[in-house]
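The next block holds one structure in the form of structure tokens; read it before the comments.
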Amino acid sequence: MIEEKDIINVDEPELTAGERLYLPQIAGGMRTTLRHMFKKKITVQYPEQKRELRTENYRGVHRLNRDEQGRVACVACFMCQTACPAHCIHIVGAESPWEDREKYPVQFDIDELRCIYCGMCEEACPVDAIELTPEYDLVGRTREEMIFDKEKLLMVFDRTKETKPRKNPKITGYSGTGCADEHTVTERGEAH
Amino acid sequence: MDWLIEQLKDQLVFSVVLSLVVFAAIMTAVAYCIYFERKISAWMQDRVGPNRVGPLGLLQPMADGAKFLLKEDIIPAFVDKPLFVLAPAFALIMGLAGFAILPWGGMVDLDGDGVVDVMCQVADPGVGLLYLLAVGGMAVYGVVVGGWANNNKFAFLAAMRATAQMLSYEIPMALVILLVVMTTGQLGLDDIARSQMGEGNLWHVCHHPVAFFIMLVTLFAETNRTPFDMAEAEQELIGGYHTEYSALKFGLFFLGEYAHMIIGSGFVIVLFLGGWHLPWVSFLQPEATSVWAMLAKMSVFATKIAAFLFLFMWVRWTLPRFRFDQLMRLSWKGLLPVCLMLFAYVTVLLYLGRQTDLMWTLGGNGVLILLVLIVAGTMGVPVSGRQGNLSTLPWEGAVRAR
Amino acid sequence: MAKITIDNQEIECRDGIPVLQAALEAGWDVPHYCYHPGLSVVASCRLCLMEMQLPHPKTREMGWAPKLFPSCQTPVKDGMVVRFDSGAVEQNQKACMEYFLLNHPLDCPVCDQAGECHLQDYSYKFGESESRMHDQKQVNPKKDIGPQTLLYSDRCVMCTRCVRFAEEVSGTEELCIVNRGGRAEIDIFPGIPLDNPMQGNVVDVCPVGALLDKDFLFKKRVWFLESGDSVCPGCSTGCAIRVDQSDNRVQRLKPRYNPGVNEWWMCDEGRFGWKYVHDVERVTRPRLRRGAEMETPAWESLGEIVRYRFEQQVDRHGAAKVAVLLSPMMACEEAWLLAKFVRELAPDATIATGFVPMVGEERCFPVGCNADDAKFVIRREKCPNGRGVELVAEHFGGSTCDFDGFVTKAGEGAFEAVWVVGGYSEEWVPKALATSLAKIEMLVVQDMFESALTGEAELVLPACAWVERDGSFVNHAGLIQPFERAINVPDGARRDGQYLFGLAGFEGLYSGARVRALMAEEMDAFREIAEAPRQPAHQH
Ligand code: SF4
Ligand code: SF4
Ligand code: SF4
Ligand code: FES
């Protein structure tokens, strides 16, 4: 139930005589547009010029980060797939071949055409393995080409790691039993 | 050369040549109008506009033209085929027909013998203004027929809107034109232009600024340009009357629209801004009849038209579209009463013989403007009314719905 | 019926059950780990503690007793007053949760139990969000304790459900607790793996992700699974199960609580026995012989073709030469539809019940007990619906026989037009049958895999796996249990029920319930279930 006291009635503002006559407003508008005609243009001539991205937080093509040993940092927890509102991530997990890790992705596909670049996956990832990069010039000739697999995503990381280093390079993965990962235990163990 | 001049001395030959030249010029102009429309809109929005085809994008119109020509021309199965094909042609023809009577450059003495040979005008019927009104009235057919032939309810709605709009705005327009006719006593366009030149004659805009303004407004409405582009309001009507058109037919509608703009500007210039005349410039006076003077006059005329076209574009990229009821209200409750008052006043002036007396004409205009201001300022001018509180004119009783 | 008061609310409950059970059944969400209705009560986790009113020792006045009582160990008594919503109870829950989480690793992202884990749920609901643990966590090892099962002992909360299961239900006693206190671990005895035929249940009883199934390990996160309530076709016990599928593939089977039948359990044979469903060798398209060629007819035209060919046979050889073999892998509904179709075409047709695979002996659990005391029985009859097709055959009456009778008669050349239904996951056709049926004029084979018979058939129809169908099975004790469809049929195939529905002269979509309603009009056995299918009362 909405209470009476919560309702705010908003009246239209009364128009002044000038506004009601309309003509002064027109003149004002015309002046504005005329002024803009002589302003500096903000167009970026795209393929020749590229825009300097002012923010490192730009949400462009994804990358799959590598840990310090160059292995894919993803632990195939499916959190990103779960969080993704566009259902564009497809992971196949398996037992990892490494000692310090339970699980890793044997297959990791992102449909970049379907993605809405919301960054939920990055947000959801417990090991900061998936990140969105400032790369925005994403083109391809076929739909298949635009489905990025694990290799391609790792390549994006190799391409962009200089300009945008991995946020948390220490994290190597979620350890399972018998392979205590100091980092996981101490830094992450604080909160359940 | 002499032979050529001899031939051209014949008004008929001259008219044919002139019409060809003007036609070619207009078509190019129209193409570049589209280019400039895009450029100007871009500049006003802090962009650079088309710049990829040719230097500065100057070849863009060719590319557009080629595209219009080469695209698949779709005729949907459900349209009224003959009308569907005819409508764009109609729009263009009606747009171009007006050029026949535009006075481009006054009298010309081709061979320099001091005798005026021809008139730089394709035709100068004595009733030029009536022809103009007739052709202007026909222009709506392009839209109506197009909208009907589309057999699509949105297009049809657009056509209906266009009809209503044109009918409504033709009345103030006719009244304003009548005003000019009354003060000059002429119907021929060249005569009207000429009546604004020479000793003691001023451009009509000086005597009738309000009328000029109304003429401008109606011109926007007649050419279906923003803020009166109800007929092609994309947001509400898809594309309006040209929803189903594609390729060349679509292009023809475009050409028609711009041709219409050019010709409309030409008429306003002739009626109020002295046509090719500029005061104090000797070779732009009716007495100067050399070929060079003619060319100068033509370019002045063209420049004035260009200025008008810029105004059209400027307004288009500034003002939002009217709502249809506002548009109707503006015409019937705003422009028409003002026109009638002006009309009555000019009649009185004529009776008193003061129609060329600046004090009387401007004084009257001033009083009128004051009156409008008072009515608008206190009662609210109908045009700016929102749907919720349509304020009414005093004589309609003050019913304010909340 | 006892009346007790929980949190100021009076509820009625069965006599003799623990308060915890009563509260759970009445809708309270009381956290608990060690209590499992199918196992003995140990009251070791202390998570379910409640407050209870007792008479004051001196004044005999009723009042809240100063200590907390384990609700899992306290049987209900008429007039009892308990509460779970007091500060003391909540404080206990918080303390217990903190204790359980002391050494628990934070590896939910890679733990298969995440999403259906009681530790997650309770910690979210009853626990604190911060841990005060300063020291290094005690990390117990991950152990491979059996061919099907992994034990992540660092995730264990020492509820001992698994140990009790192995003791009390399977009776095989492979699991035990080693060490004490904070170092206590679950383990197997050296060299003796956990490999009893019911060991899969330990994964189900484990409230956390300590015991995991190798078969499902890392396959899917559980929240991507969609379930269908089904009945296991592995033997005639008819365990109620849940089919968890995702992407139209079965991912795992889980038992559903089904009192008097399988209770909370199911055997490994059934649990892992679904692999054939996704076998690429399966028959997925109908196949019709036209002259020497085999072609794939459109499903739409199938009814007409079959009818026409059978009518031809009846005209030529008489109705008595027609027979149908109803497989015990079929649902009752399908069997009924097929029998109806055949009997309408040929009123004298023989209705035979199909091959019933028998393997070994009945196996009763806990091991070593006799059939009457058994908590769970794996039956030797390895088909779900032997009783069901018998019921149908009985209902139609006339000329009926069992499988052996059918094979004999076929060998004598008694039939010219036969519809054989298989649907077994293994080769089942006896040589004698294959040779005798090879000779007849019209053979329709409805089967899941190619066999000696499909090669000889005029028409081969795909039989779908039970997860792709819906209907009902009648178990060894005559209990009719409906099952739902969990996944779609393979490309090109149609549900058996659907095409049989059409053949039997009905229009529209087949559904088990719809056909059961029709059957109920003629068969008493189906009357009750058509009205109200059996639903387990309380799913634990
Ligand atoms: S950015 Fe958003 S839509 Fe794209 S993959 Fe990540 S979660 Fe999905
Ligand atoms: S959330 Fe991170 S770790 Fe988990 S699957 Fe996605 S990328 Fe891998
Ligand atoms: S392994 Fe699971 S069932 Fe067994 S004691 Fe530990 S938590 Fe309980
Ligand atoms: S459930 Fe009662 S003590 Fe564990």
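The values are calculated or read from the model by the stated rules, or taken from the named source; none is laboratory data. Since this is a predicted model, take the numbers as computed values, not measurements. Note: ideal-geometry Cβ built from the backbone for every residue, glycine included; neighbour counts use all protein chains shown. Keep in mind that these areas ignore ligands, DNA and RNA; they rest on the heavy atoms of the full protein, side chains included. Shrake-Rupley method; radii C 1.70, N 1.55, O 1.52, S 1.80 Å.
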Exercise for review: Report, by chain and number, residues whose modeled amide H sits under 5 Å from the one on C:Ser230, excluding near sequence neighbours (fewer than 5 apart, same chain).
Suggested key: C:Ile241, C:Arg242, C:Val243, C:Glu484
Exercise for review: Please state the charge dipole magnitude for the protein assembly as shown, taken about the Cα centre, from unit charges on C-beta atoms (+1 on K and R, -1 on D and E), reported in debye and rounded to the nearest 20.
Suggested key: 2560 debye
Check your understanding: In debye to the nearest 20, how big a dipole does chain C give about its Cα centre with +1 on each Lys and Arg Cβ and -1 on each Asp and Glu Cβ?
Key -> 900 debye
Exercise for review: Using packing as a proxy for protection, rank C:331-343, C:495-507 so that the peptide with the highest average count of other Cβ atoms within 10 Å comes first.
Suggested key: C:331-343, C:495-507
Check your understanding: How many percent of the alpha carbon pairs in the range A:62-182 exceed a separation of 24 Å?
Key -> 22 percent
Check your understanding: Which of the chymotrypsin sites (Phe, Trp or Tyr not before Pro) across the range B:1-110 are loop residues per DSSP, with 13 or fewer other Cβ within 10 Å?
Key -> B:Phe78
**Study point:** Low-density loop positions, trypsin sites (Lys or Arg not before Pro), the range B:40-75 - DSSP coil, at most 10 other Cβ in 10 Å
**Key:** B:Arg52
Practice item. Using a 1.4 angstrom probe on heavy atoms only, work out the carbon and sulfur share of the accessible area of the range A:1-129 in %. Key: 54 percent
Check your understanding: What's the angle, to the nearest 10 degrees (0 to 90), between helix C:87-101's Cα axis and the longest principal axis of chain C?
Key -> 70 degrees
**Study point:** Proportion of all alpha-carbon pairs of the protein assembly as shown beyond 42 Å (%)
**Key:** 65 percent
**Study point:** For the range A:117-125, 3J(HN,Hα) per residue [Karplus equation, 6.51 cos²θ - 1.76 cosθ + 1.60, θ = phi - 60°, Hz, x = Gly/Pro]
**Key:** 6, 8, x, 4, 5, 4, 4, 7, 5
Check your understanding: Which whole-Hz couplings ³J(HN,Hα) result when phi for each residue of the range C:492-498 is put into the Karplus expression 6.51 cos²θ - 1.76 cosθ + 1.60, θ = phi - 60°, listed in order with x for Gly and Pro?
Key -> x, 8, 9, 4, 3, x, 5
Practice item. Using Cα positions and a limit of under 12 Å, work out the aspartates and glutamates in reach of A:Lys150, with same-chain residues fewer than 8 apart set aside. Key: A:Asp109, A:Asp111
Review point. Quick one: helix C:299-317 against the long Cα principal axis of chain C, what's the angle to the nearest 10°, folded into 0 to 90?
Key: 50 degrees
Check your understanding: How many partner chain Cβ atoms sit within 10 Å of a residue's Cβ in peptide A:78-85, on average, as a whole number?
Key -> 2
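Can you work out the accessible area per residue across the range C:177-256, with the rest of the protein chains kept in place, probe 1.4 Å, in square angstrom?
35 Å²
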Practice item. Could you point to the residue in B:Ala302, B:Gln121, B:Asn150 farthest towards the positive end of chain B's charge dipole, with +1 and -1 charges on the Cβ of Lys/Arg and Asp/Glu respectively? Key: B:Asn150
Review point. Relative to the longest principal Cα axis of chain C, at what angle does helix C:332-345 sit, 0 to 90 degrees, rounded to 10?
Key: 10 degrees
Review point. Given R₀ = 35 Å, FRET efficiency for B:Ala77-B:Asn51 by Cβ-Cβ distance, to 0.05?
Key: 0.30
**Study point:** Chain lengthening between B:Ala134 and B:Val348 when straightened (0.36 nm per residue, less Cα-Cα)
**Key:** 74.2 nm
Review point. Tell me, what is a quarter of the convex hull surface for the C-alpha atoms of the range C:2-97, in nm² with one decimal?
Key: 6.1 nm²
Point to revise | Equivalent ellipsoid semi-axes, chain B, via Cα gyration tensor eigenvalues times 5, rooted, Å | key: 34, 32, 18
Point to revise | Per-residue average of Cβ from other chains inside 10 Å of C:96-109 | key: 4
Practice item. Tell me which residues come under 5 Å, amide H to amide H, from A:His62 once H is placed; ignore anything under 5 positions away on its chain. Key: A:Thr133
Revision key, fill the gap. The range C:269-302 and the range B:157-200 have their Cα centres apart by a whole-number Å value of 84 Å
Exercise for review: Whole number please: convex hull volume per residue, Cα atoms of the range B:117-160, in Å³.
Suggested key: 76 Å³
Review point. For C:Ala374 and C:Glu10 in the same chain, what is the full-extension length gain: residue separation times 0.36 nm, less their Cα-Cα distance, in nm?
Key: 127.4 nm
Review point. Residue farthest toward the positive end of the dipole of the protein assembly as shown, with Cβ of Lys/Arg at +1 and Asp/Glu at -1: which of B:Thr184, C:Gln481, A:Asn168?
Key: B:Thr184
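In the neighborhood of C:Ala331, defined by Cβ-to-Cβ distances under 9 Å, what is the net charge if each Lys or Arg adds +1 and each Asp or Glu adds -1?
Details: positive: C:Arg469; negative: C:Glu333, C:Glu334, C:Asp470, C:Asp496.
The answer is -3.
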Practice item. Sticking with the crude label model, points 7 Å out along Cα→Cβ, report the distance from C:Val367 to C:Arg316 in nm, one decimal please. Key: 5.7 nm
Review point. If you count, for every residue in B:45-57, the Cβ atoms of partner chains within 10 Å of its Cβ, what is the mean?
Key: 2
Point to revise | Inter-site label distance for A:Lys167 and B:Trp332 at 7 Å from Cα along Cβ, in nm | key: 6.3 nm
Practice item. Could you state the orientation-averaged shadow area of the convex hull built on the Cα atoms of the range C:385-447, in nm² to one decimal? Key: 4.5 nm²
Exercise for review: For C:Lys214, enumerate residues with amide H under 5 Å from its amide H, sequence gap 5+ or separate chain, H modeled in the peptide plane.
Suggested key: C:Thr149, C:Leu150
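With n ≥ 4 as the cut-off for DSSP H runs, can you work out [θ] at 222 nm for chain C, using -39500 (n - 2.57) per run divided by the number of residues, rounded to the nearest 500?
Calculated mean residue ellipticity at 222 nm is -7000 deg cm²/dmol.
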**Study point:** Karplus-derived 3J(HN,Hα), 6.51/-1.76/1.60, for each residue of the range B:315-323, Hz, glycine and proline x
**Key:** 5, 4, 8, 10, 8, x, 6, 6, 7
**Study point:** P(r) of chain C over all Cα-Cα pairs, binned every 20 Å from zero, in whole percent
**Key:** 20, 44, 26, 9, 1
**Study point:** Protein accessible surface hidden between A and B, which excludes ligands and nucleic acids, total in Å², probe 1.4 Å
**Key:** 2400 Å²
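Counting other Cβ atoms within 10 Å, keep those with at most 10, restrict to DSSP loop, and tell me which chymotrypsin sites (Phe, Trp or Tyr not before Pro) in the range B:240-342 are left.
Those that pass, being in a loop and sparsely packed, are B:Trp280.
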Revision key, fill the gap. Taking every other residue with Cβ under 11 Å from the Cβ of B:Gly364 and scoring Lys and Arg +1, Asp and Glu -1, one gets 0
**Study point:** Relative packing of peptides C:54-65, A:91-102, C:436-447 - highest average C-beta neighbours within 10 Å first
**Key:** C:436-447, A:91-102, C:54-65
Revision key, fill the gap. Within chain B, excluding any GluC sites (Glu not before Pro) found in a DSSP loop (not H, G, I, E or B) and having at most 15 other Cβ atoms within 10 Å, the longest uninterrupted segment runs B:73-198
Point to revise | Proximal charge balance of C:Ala352 [Cβ under 14 Å; K/R count +1, D/E count -1] | key: -3
Exercise for review: Excluding residues fewer than 8 places away in the same chain, name every one of the lysines whose C-alpha is closer than 23 Å to that of C:Lys321.
Suggested key: C:Lys340, C:Lys409, C:Lys431, C:Lys439
Revision key, fill the gap. Computed about the Cα centre, the charge dipole of chain B from +1 Lys/Arg and -1 Asp/Glu charges at the Cβ has a magnitude in debye, to the nearest 20, of 1760 debye
Practice item. Be a star and scan the range C:85-120 for residues whose amide nitrogen sits under 15 Å from the point 7 Å along the Cα-to-Cβ vector of C:Ala26. Key: C:85-86
Revision key, fill the gap. Per the charge dipole of the range B:5-82 (beta-carbon charges, Lys/Arg positive, Asp/Glu negative, Cα centre), the residue among B:Pro82, B:Leu18, B:Gly57 reaching farthest to the positive end is B:Gly57
